[in-house]
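Structure, as structure tokens:
Each reported figure results from applying straightforward, stated rules to the coordinates on display, with no laboratory input. For clarity, every value in this text was computed on a predicted model and none was experimentally measured. Glycine gets a Cβ as well: all are built from the backbone with ideal geometry, and neighbour counts include every protein chain shown.
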Amino acid sequence: MNFTLVEAQEMDVPGILEILNHEIIHSTALYEYEKRTITQQEEWFNEKQKSNNPVLVVKTGEKVLGFGTFGSFRPRPAYQYTIEHSVYVHHAYQGQGIGNLLLEELIKQGKSQGYHSMMAVIDSSNDLSIMFHEKFGFQKVGELKEVGYKFDSWLDLTMMQLLLGD
């Protein structure tokens, strides 16, 4: 399958929303209960644009197969060199290298924008995501026990970090 990695445009927001809403309903990748609306996702996209945070999509034709972004880790001046990223791939297209393309580019952009540290916050039961991040050099730096509650279970978070450089 041929696909391309590009900066997301407003026309890609519904495809991003489809991916996120599937994960909200069917997984613990997002600790949310309710599907997002198109208005909420458009507001999210506009905030990313205003903040100069990348929103990347992998597409085949007009179909969004996956997306990735990063933004501020915490809203305090001392954290200005640390970002937290997200990568999501449409459930029907996982395992085809789409996540690799997205994370490689996010790391590249993080470095080029002068960030020092990139964080991943992952549901601790998501072994595939943890292994995926380890492949890129992320290291486990902590686990937060029972900080989320979804699907009638307490959920743990694994914190992973990649130092991007000086």
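Longest stretch of the chain clear of exposed loop sites (GluC sites (Glu not before Pro), DSSP loop, at most 13 other Cβ atoms within 10 Å, sites excluded): 63-166.
Contact order for region 4-163, expressed relative to its length and based on alpha carbon pairs under 8 Å spaced 6+ residues apart, stands at 19 percent.
A full extension of the chain between Lys135 and Lys50 corresponds to an added length of 27.4 nm, given 0.36 nm per residue minus the alpha carbon distance.
Computed across region 4-163, the Kirkwood hydrodynamic radius from all distinct Cα-Cα pairs reaches 16.2 Å. Translational diffusion coefficient of region 10-97 (Stokes-Einstein, Kirkwood radius from Cα pairs, 25 °C, 0.890 mPa s): 176 µm²/s.
For Lys63, the lysines whose Cα falls under 22 Å of its own Cα, not counting residues fewer than eight places away in the same chain, are Lys35, Lys48.
The Cβ shell under 13 Å around Tyr149 holds other residues with a net charge of -3, Lys and Arg each +1, Asp and Glu each -1. Within the shell defined by Cβ-Cβ distances under 12 Å, the residues around Gly99 carry a net charge of -1, with Lys and Arg each +1 and Asp and Glu each -1.
Once the Cα-Cα distance is subtracted from the 0.36 nm per residue extended length, the Gln9 to Leu144 segment shows a gain of 45.1 nm.
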